[in-house]
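Notes follow the structure.
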Amino acid sequence: MQIITDPHAFQQRAMAERASGATTALVPTMGFFHEGHLSLMRWARENADTVFVSLFVNPTQFGPDEDLDAYPRDLDRDARLAEEAGVDVLFAPDPRAIYAEDHATWVEVPTLAQHLCGASRPVHFRGVATIVSILLHLAMPSMAVFGQKDWQQLALLRRMARDLFIPTEIIGRPIVREADGLALSSRNVYLTPQERQQAPHINKGVQHIAALAEAGERSAAALKAAFADYIAQHIPGAEVDYFELVHPDNIQPVHDLTGPTLAATAVRIGKARLLDNTLLLADA
Ligand code: AMP
């Protein structure tokens, strides 16, 4: 596995792959790898000739009071895990190499950033769309692979790629979970042992809502109230940042469920803000 830190060198390598006719897959990450990241890399390994992974804790997607400095990092371990997953190139640039001091170009997809995480993280998706756009220009991959844990991000990037005619297929892959249902996240390291014991209730709460929808409940207001009750009862110290029912493609709120609907939540437990989601009425 080659580790590249210089964006131009990475672009040269990507151009050479493209010229050779190889299919390439890019897996964008912020590092501190877990099985969720590795599942994307393994999918890429099976489906492309050449696998690129980017490891970049992107400063522009963090708000001023967020955890940019505290975000966990371990490049040596990540490089070892990426190599074991069969990655060909690990692109790990310095932020100053990506963003010039007078960087002035931003990519925004405002309608998909209005709700869910966008409501409490106003600059987040502008940062995400901009860095992914930069990475796609550098890697020019046949495919880019993302996790459904960040469903809103995936939907927004699909829209960006479509609107900008970016010739990369955007692939979404299922959420990888711990045995107790907690979605894997680099931020799970922020949980104390006691919080870690409570955290699986986020997914249990989402599953509770899925069961209610399955049983015929179609009112978003009723489902939201049921989720709030579930969390208040099972994780008393937690704060529900949001629990929303939205259209899975355009991320607009749904009031009465009539077809496939995304139930998505962000819950704060101690220092961690944890995401989960599931598709309701997938076959409707
Ligand atoms: P991050 O490093 O958190 O920015 O995540 C990099 C990629 O891994 C994103 O596409 C995430 O959606 C994906 N990812 C993170 N956690 C999981 C998980 N538990 N299951 C599947 N994909 C994940």
Please list, by residue number, every one of the GluC sites (Glu not before Pro) in segment 41-115 that is coil in DSSP and has at most 15 other beta-carbon atoms within 10 Å.
Glu66, Glu101, Glu108
Would you please calculate the Kirkwood hydrodynamic radius of segment 241-284 over all C-alpha pairs and express it in Å, rounded to one decimal?
11.0
Counting Lys and Arg as +1 and Asp and Glu as -1, what is the net charge of the other residues whose Cβ lies under 10 Å from the Cβ of Leu90?
-3
Two pseudo-spin positions, 7 Å from Cα along C-beta at Asn47 and at Leu75, lie apart in nanometres by 3.0
Loop-resident sites, segment 152-261, for chymotrypsin sites (Phe, Trp or Tyr not before Pro), counting at most 13 other Cβ within 10 Å (DSSP):
Phe165
Please give the Cα centre distance for segment 108-160 versus segment 191-209, rounded to the nearest Å.
26
In terms of the ratio Rg/(2.2 N^0.38 Å) built on C-alpha atoms, what value belongs to segment 32-165?
1.06
Placed amide H near Phe32: partners under 5 Å, 5+ positions off or other chain
Asp74
Suppose each label sits 7 Å from its Cα in the direction of the beta carbon; what would the Ala228-Ala179 distance come out to in nanometres?
3.6
Which FRET efficiency value, to the nearest 0.05, is calculated for Asp163 and Ala22 with the Förster distance at 30 angstrom and r the Cβ-Cβ distance?
0.65
Taking a crude spin-label model, label points 7 Å out from Cα along the C-beta direction, the Val123 to Glu239 distance in nm is 2.0
Amide H contacts under 5 Å for Leu274, restricted to residues at least 5 apart in sequence or on another chain and with H modeled in the peptide plane, are Val267, Arg268, Ile269
Search the structure for amide H atoms under 5 Å from the amide H of Gly147, placed 1.01 Å from N in the peptide plane, and list their residues when 5 or more places away or on another chain.
Arg173
Report relative contact order for the chain in percent, whole number only (criteria: Cα-Cα under 8 Å, sequence separation at least 6).
17
Using +1 on the beta carbon of Lys and Arg, -1 on that of Asp and Glu, and nothing else charged, what's the dipole of the chain about the Cα centre, debye to 20?
160
With no solvent and one point per C-alpha, what does the Debye sum give as log10 I(q)/I(0) for the chain at q = 0.07, 0.10, 0.11, 0.16 Å⁻¹?
-0.26, -0.54, -0.65, -1.33
Report relative contact order for segment 39-100 in percent, whole number only (criteria: Cα-Cα under 8 Å, sequence separation at least 6).
52
Between Ala282 and Gln207, 0.36 nm times their residue separation minus their Cα-Cα distance comes to what?
25.6 nm
Kirkwood Rh, Cα atoms: Rg over Rh of segment 206-245
0.97
Would you mind giving the average projected area, over all directions, of the Cα convex hull of segment 186-277 in nm² with one decimal?
5.8
Per DSSP H run of at least 4 residues, take -39500 (n - 2.57); add these up for the chain, divide by its residues and hand me the 222 nm value, nearest 500 deg cm²/dmol.
-11500 deg cm²/dmol
Fully extended, how many nm does the chain gain between Gln252 and Glu217 (0.36 nm per residue separation, minus their Cα-Cα distance)?
10.7 nm
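Read the figures in this text as sums done on the coordinates, not as results from a lab. If you're wondering where the values come from, they're calculated on a predicted model, not measured in any experiment. Neighbour counts run over all protein chains shown; Cβ positions are idealised from the backbone, glycine included.
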